[in-house]
Amino acid sequence: MGDNSYKTFELTVKKEEPTLVPPAEDTDKGLYFLSNLDQNIAVRVRTLYYYKSDIKGNKDVAEIMKKALSRVLVPYYPMAGRLSISTEGKLIVDCTGDGAVFVEAEANCEMEEMGDITKPDSVILANLIYDIPGAKNILEIPPLVAQVTRFRCGGFVLGLCMNHCMNDGIAAMEFVNSWGETARGLPLKVAPFIDRSILEARHPPKLEFPHHEFAQIEDISDTSKLYEEEEMVYRSFCFEPEKLEKLKKMAMEDGILDKCTLFVALSAFVWRARTRALRMVPDQKTKLLFAVDGRSKFEPPIPKGYYGNAVVLTNALCSTGELLENPLSFAAGLVNEAIDRVSDSYMRSVIDYFEVTRARPSLAATLLITTWSRLAFHTTDFGWGEPVFSGPVGLPEKEVILFLPHGEDRRSINVFLGMPASAMKVFEKLMQI
């Protein structure tokens with residue numbers, strides 16, 4: 001994945017047998033409700049955190065992190081349970097208290113030998129994340145799987161696999177940071193609010209919006225052939241603050257928009273570029289999906305520390321011809337409208353929509369942008385300081401593009417995506433602004 005300078009390097013990791021880390025105290029048992037917003041994104045999210053050596057070295061890191069994990073699983077006890085299916089056919093957590101899976105590992109090298117860790121190689125990363133052997137579906141994978149890999153230099157890497165149905169990015173960030181605070185003997189800055197019943201569907205459900213994010217679009221341009229016939233190429237494009245500001249000016253220069261954030265400008269720009277690179281025909285419908293945090297949208301706002309998914313997908317939809325023949329302000333305007341659409345009524349209508357339809361968002365002729373630029377995983381400190389790098393592993397689907405924070409001040413954004421080789425050549429040219 002990515003443009004790697006260490007293709008010939010072979011990382012060998014010796015993994016010990018996995019152990020279970022249960023909560024340090026007795027916790028509630030029984031079935032734990034997951035909301036409809038949790039049901040829609042039951043996928044694994046894998047992240048890595050790289051820590052350099054300090055005066056302590058890494059000899060005791062696994063033991064320290066296991067003990068802290070055991071303690072933090074007391075307030076976060078659903079993470080120590082197992083996923084199951086309710087009588088209604090929905091995902092639910094059986095709070096068994098079995099615990100998280102924890103693996104200790106030893107690498108055959110120093111961390112620096114892996115090269116540029118911001119452009120990871122999928123083969124190397126596979127050694128730093130533990131996969132449950134023989135698991136056929138997410139029900140056979142515990143909600144939390146952790147691996148700590150020690151390197152010869154004294155540094156270490158924490159590899160996490162968590163199920164998205166347990167938390168969105170903000171909740172996951174709060175959990176991992178709480179784990180770090182516990183390891184340092186500190187009280188939790190944000191105590192988890194784990195009652196998800198506050199996001200139950202209304203009875204009877206009310207469908208107040210069309211919810212085009214769930215609509216199936218016919219792929220009349222058949223871009224799937226490109227993906228089937230060509231090698232997938234992965235690239236990361238850095239947008240520094242000056243370039244982001246330039247995009248914002250481009251989106252507003254014709255005076256049509258009275259507001260445009262950097263996220264809106266970048267999303268509109270990337271949507272147009274990817275659509276052009278894939279050579280979609282003018283009559284083809286194209287959809288942009290992205291998540292909006294609904295915590296402040298609910299009336300009243302849901303409690304601080306809400307542990308679950310409080311994001312919804314919203315969408316911009318138009319024909320390829322409209323998207324490419326109009327100026328950047330057109331696409332940015334559609335993104336603005338998609339954001340403005342998200343209100344308390346919209347959030348609750350999405351919850352009700354799933355109650356009625358059990359629909360999943362279609363990704364046909366779609367770009368799904370996932371942004372990590374505002375998530376503070378870089379502050380996770382287990383007692384060895386903040387990570388020198390942290391981020392997700394790979395892309396869950398070919399339609400997904402990641403916006404990742406970059407640089408010491410985190411004001412730059414790395415756009416990470418995969419495309420068929422011929423389309424990537426076009427996309428690379430379109431990135432030159």
inquiry  = Can you go through 338, 364 and tell me which one is out of contact with any helix residue (DSSP H, G or I) (no Cβ under 7 Å at 6 or more places or on another chain), buried (at least 21 other Cβ atoms within 10 Å of the Cβ), closer than 21 Å to residue 275 by Cβ and of a type outside the set (Lys, Arg)?
reply    = 338
query = Pairs, please: C-beta under 6 Å, at least 6 apart or cross-chain, first residue free of Cβ contacts under 8 Å to residues at least 60 places away in the same chain and in region 16-34, second open to solvent by 80 Å² or more (accessible area, probe 1.4 Å)?
reply = 24/71
request  = May I ask you to list pairs of residues, at least six apart or on different chains, whose Cβ atoms are under 6 Å apart, with the first in region 235-257 being without any contact (Cβ under 8 Å) to a residue 40 or more places away in the chain and the second being assigned to a helix (DSSP H, G or I) and surrounded by 13 or more Cβ atoms within 10 Å (Cβ to Cβ)?
outcome  = 248/262; 248/265
ask   = If we keep just the residues of region 378-400 that are among the hydrophobic types (A, V, I, L, M, F, W, C) and under 16 Å from residue 52 (Cα atoms), which is most open to solvent (accessible area, probe 1.4 Å)?
value = 388
inquiry  = Exactly one condition in (1) outside any loop (DSSP other than H, G, I, E, B); (2) touching a residue at least 40 places away in the same chain (Cβ under 8 Å); (3) surrounded by fewer than 20 Cβ atoms within 10 Å (Cβ to Cβ) is false for residue 53; which is it?
reply    = (1)
task = For region 313-335, name all the residues that are closer than 17 Å to residue 246 by Cβ and outside any helix (DSSP H, G or I).
result = 327
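Give me the residue from region 206-222 that is open to solvent by 30 Å² or more (accessible area, probe 1.4 Å) and among the hydrophobic types (A, V, I, L, M, F, W, C) and, out of that set, farthest from residue 315 (Cα to Cα). Don't jump to the end; show me each part of the working.
Quick first cut of region 206-222, residues open to solvent by 30 Å² or more (accessible area, probe 1.4 Å) only: 206-210, 212, 215-216, 218-220, 222.
Within this subset, residues satisfying the condition of being among the hydrophobic types (A, V, I, L, M, F, W, C) are 207, 209, 215, 220.
On the way: 207: 17, 209: 12, 215: 10, 220: 20 Å.
Result: 220.
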Close pairs from region 101-127: first modelled with pLDDT under 90 and hydrophobic (A, V, I, L, M, F, W, C), partner in a strand (DSSP E or B) and surrounded by fewer than 19 Cβ atoms within 10 Å (Cβ to Cβ), Cβ under 8 Å, at least 6 apart = 117/389
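The values are calculated or read from the model by the stated rules, or taken from the named source; none is laboratory data. These figures come from a predicted structure and were not determined experimentally. So basically every Cβ, Gly included, is an ideal-geometry build from the backbone, and we count neighbours across all protein chains shown. Quick note on the areas: whole protein, heavy atoms, side chains included, nothing else; ligands and nucleic acids left out. Shrake-Rupley method; radii C 1.70, N 1.55, O 1.52, S 1.80 Å.
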